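For reference, the structure discussed in these notes is given below.
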Amino acid sequence: ALVSMLEQLDTLVDNTILESNIPFTVIHGDFCASNILFDPKTRIVKLLDPRGSFGKQSIYGDPRYDLAKLMHSFCGNYDFITSDRFRLLWDQHSIEYTIWDSNYHQVVRSLFQSKLSQTYPEYLEATETIQALLFTSMIPLHADHFNRQLAMLATGIQLLAKQLVKREILHNKYIGVDV
């Protein structure tokens with residue numbers, strides 16, 4: 001099942017990310033929830049850790065990357081994984097995990113998805129694909145926490161499978177992943 005998914009990854013990336021000619025804009029580069037501070041008294045938002053590096057040092061990049069970084073926090077549960085707010089069971093054939101989120105987080109997720117769909121409908125599929133790729137690319141960055149790596153791997157595979165099925169590149173019955 002995983003081999004089938006990996007064989008179709010190029011097609012997915014071509015069809016969702018590379019098919020459109022998106023101009024680079026100023027981006028943050030690490031625009032996730034943990035890099036956003038909000039002061040409720042002054043109503044000021046501060047962004048931390050702006051990198052914006054794509055190849056050469058630059059503040060320019062694909063704006064869908066910043067949206068995907070936000071999506072991986074609000075929809076992909078990245079911050080729950082990095083703070084070990086999950087239960088994970090695994091063996092050599094499967095990974096099962098449950099994120100310990102809250103009703104409040106589910107409301108935030110729904111609001112984010114709604115706002116993204118309304119504001120950037122043309123970016124949605126690419127942003128979802130980039131989010132899935134982010135989870136798979138972050139695995140080596142968490143080598144000191146094996147269970148986090150497994151949760152990120154499972155999340156990335158699940159999100160990639162969802163995109164492959166949604167784009168009708170693969171059928172759900174062939175990939176063996178709950179989407």
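The values are calculated or read from the model by the stated rules, or taken from the named source; none is laboratory data. All values reported here derive from a predicted model rather than from experimental measurement. No Cβ is skipped: glycine too gets one built from the backbone with ideal geometry, and neighbour counts run over all protein chains shown.
Applying the set (1) in a loop (DSSP other than H, G, I, E, B); (2) more than 14 Å from the chain's Cα centre (by Cα) to residue 76 leaves exactly one unmet item: (2). Checking 109, 85, 64 one by one, the residue that is in contact (Cβ under 8 Å) with a residue 12 or more places away in the chain and in contact with a strand residue (DSSP E or B) (Cβ under 7 Å, 6 or more places away or on another chain) is 85 and no other.
Screening residue 42 with (1) assigned to a loop (DSSP other than H, G, I, E, B); (2) closer than 21 Å to residue 127 by Cα gives one miss only, at (2).
If the requirement is being surrounded by fewer than 16 Cβ atoms within 10 Å (Cβ to Cβ), modelled with pLDDT of 95 or more and outside any helix (DSSP H, G or I), which of these qualifies: 89, 111?
89
The residues of the range 63-79 include none that are within 16 Å of residue 137 (Cβ to Cβ) and in contact with a Pro (Cβ under 9 Å, 6 or more places away or on another chain).
Here residue 104 meets the list (1) under 24 Å from residue 164 (Cβ atoms); (2) part of a helix (DSSP H, G or I); (3) aromatic (Phe, Trp, Tyr) almost entirely, failing just condition (1).
Looking only at residues in the range 24-54 that are at pLDDT 90 or above and among the aromatic types (Phe, Trp, Tyr), the one that is surrounded by the most Cβ atoms within 10 Å (Cβ to Cβ) is 31.
A single entry from 119, 16 fulfils the requirement of being of a type in the set (Val, Ile, Thr), over 25 Å from residue 144 (Cβ atoms), out of contact with any Phe, Trp or Tyr (no Cβ under 6 Å at 6 or more places or on another chain) and surrounded by fewer than 18 Cβ atoms within 10 Å (Cβ to Cβ): 119.
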